Amino acid sequence: MAQQDTDQQHAGVLPVDDEGYVVDTEDCEGREKAWRESGTSRPITVVGNPVLHKECRDVTEFGEELRQLVADMFASQRTAEGVGLAANQIGVDRKVFVYDCQDDEGVRHVGVVCNPKLVELPADKRRLDDNNEGCLSVPGAYAALARPDYAEVTGQDEQGNPIKVRGTGYFARCLQHETDHLYGYLYIDRLSKRDRKDALRQMAENEPRYPVVAND
Ligand SMILES: [Zn+2]
């Protein structure tokens, strides 16, 4: 009975908790596998590719084409061993990202967000965390970057239902990083000139461990 009530309250792909946030922690293994196995892994675009440096277009159609894109993104994310992937990282100019990421408590989250918007946080929720960050589109590089250790994103699921996603720690970092991608920003754009240069040097010195799209 409780289950049926939940279904009636929310027609979305994932259940929601009592505050209206998606529950993206259940059956992570099964859901990630189902997505990835119906997708095709594609090479990753890297810094310098124009598709990464401009705002992506909104998702307006929530049909088979989007489903296939999301499946390809999960497949590509797995090949590259990423914890999050934005559509422009496989060369597609659409506002959608996927994630498979652990939070502060080591709890795994798997999900899809279309047309994400970062929720502005009150000052008392803005505790900065200056852990290392890396990006599949800047292969082989890492740099410390201060970001709030809690984040909320609003958007839509792959069927167009409105959703809210929240996360802590590394997962909060992931939600911010992936949303940035869809607005044309890489994490290295938030670094000091010197740290950015150092990240690009690291990238130049390390061979990517997954297929990438060569820049012209
Ligand atoms: Zn990235």
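Just so you know, all these numbers are worked out from the coordinates, no wet-lab data involved. None of these values were measured; they are calculated from a predicted model. Here the Cβ positions follow ideal geometry from the backbone for every residue, glycine too, while neighbour counts run over all protein chains shown.
Find, to one decimal place in angstroms, the Kirkwood hydrodynamic radius of segment 124-205, where the mean of 1/r is taken over every pair of different Cα atoms and then inverted.
Values: mean 1/r = 0.0729 Å⁻¹.
About 13.7 Å, per the Kirkwood formula over Cα pairs.
Could you give the dipole magnitude of segment 15-207 about its Cα centre, charging the beta-carbon of Lys and Arg +1 and that of Asp and Glu -1, in debye to the nearest 20? Walk me through the intermediate numbers first.
Numbers: 25 positive and 37 negative charges, 174 e Å.
Taking the Cα centre of segment 15-207 as origin, the dipole is about 840 debye.
Based on C-alpha pairs under 8 angstrom that are at least 6 apart in sequence, the chain has a relative contact order of 24 percent.
For segment 59-107 versus segment 109-149, the spacing of their alpha-carbon centroids is 16 Å. With neighbours defined as other Cβ atoms within 10 Å of a residue's Cβ, the residues SER38, SER76 order from fewest to most as SER38, SER76. If a spin label sat at a point 7 angstrom from the Cα of THR154 along the line to its beta carbon, the backbone N atoms of segment 12-43 nearer than 16 Å would be those of 19-22.
Which whole number in µm²/s is D for segment 75-194 by Stokes-Einstein, with the Kirkwood Rh taken over Cα pairs at 20 °C and 1.002 mPa s?
Here the translational diffusion coefficient equals 148 µm²/s.
Under 5 Å from the amide H of TYR210 lies no amide H of any residue 5 or more positions distant or on a separate chain, with H modelled from the backbone and absent for Pro and chain starts.
Against the chain, whose longest principal axis comes from its Cα atoms, helix 64-79 is set at around 50 degrees.
By the compact-protein rule of thumb, 2.2 N^0.38 Å, the alpha-carbon radius of gyration of the chain corresponds to a ratio of 1.00. Quick one: angle between helix 193-205 and the longest Cα principal axis of the chain, in degrees between 0 and 90, rounded to 10, please. Helix 193-205 sits roughly 80 degrees off the main axis of the chain. The residue among VAL47, VAL83, CYS28 whose Cα reaches farthest toward the positive pole of the charge dipole of the chain, with charges on the beta-carbon of Lys, Arg, Asp and Glu, is VAL47. List, in the order given, every pair from LYS54/LYS164; LYS95/LYS125; LYS54/LYS197; LYS33/LYS197; LYS33/LYS95 whose Cα-Cα distance in the structure shown is over 29 Å. Beyond 29 Å: LYS33/LYS197. Against the chain, whose longest principal axis comes from its Cα atoms, helix 169-182 is set at around 70 degrees.
Residue exposure proxy: MET203, MET73, ordered by other Cβ atoms within 10 angstrom of their Cβ from fewest to most, comes out as MET203, MET73.
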